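The numbers here are math on the coordinates, done by the rules we state, and not lab data. Bear in mind the structure is a predicted one, so any value in this text is a computation, not a measurement. Positions of Cβ are backbone-derived with ideal geometry, glycine not excepted, and every protein chain shown enters the neighbour counts.
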Amino acid sequence: MTASDQTVQDKSMNRILLAEDDEDMRRFLAKALENAGYHVISFDNGLSAYKRLREEPFHLLLTDIVMPEMDGIELARKASELDPDLKIMFITGFAAVALNPDVETPAGSKVLSKPFHLRDLVAEIDRMMAA
């Protein structure tokens, strides 16, 4: 087994829960992260994602901020109550939401503003998983 095979195998043990209401973006992100070696389970709203988080553990929550039923901020708060060690990354097309200091996000969470390059997303997730 080569070093890169080992890295892919190690990554596949890292489970990512993706919550994104835009179907094209959700498929695009899931495919890119799976191609990078991660195991991804995706949902189109925060409520469904939260229900899954209650059933099984994940290493990282990747969530859009603005979604129907339960937004990403509420999802992240509830998820971090379930698992304080869960790593959280927000993705948003609304820069004002990302930059609003009044929005209380869980400690250690990251915000990536759309548009972003997939290479940057994967690199940031790699860094978070390694931390």
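A few comments on the model shown:
- Qualifying lysines (Cα of each under 23 Å from Cα of Lys31; at least 8 residues distant if same chain): Lys11, Lys51, Lys87, Lys110, Lys114
- Amide hydrogen proximity for Arg15: with H placed 1.01 Å from N in the peptide plane, the residues at 5 or more positions away or on another chain lying under 5 Å are His59, Leu60.
- Segment Ala130-Glu104, extension gain: residue separation times 0.36 nm, minus the distance between their alpha carbons: 6.9 nm
- Radius 12 Å from Cβ of Ala19, net charge of other residues (Lys, Arg +1; Asp, Glu -1): -4
- Ordering 72-78, 121-127, 46-52 by mean Cβ neighbour count within 10 Å, with the highest value first, yields 72-78, 46-52, 121-127.
- Stretched out straight at 0.36 nm per residue, the stretch from Lys114 to Ser48 would grow longer than its current Cα-Cα span by 21.5 nm.
- A crude spin-label estimate for the pair Glu74 and Ile41, with each label 7 Å from Cα along the Cβ direction, gives 2.1 nm.
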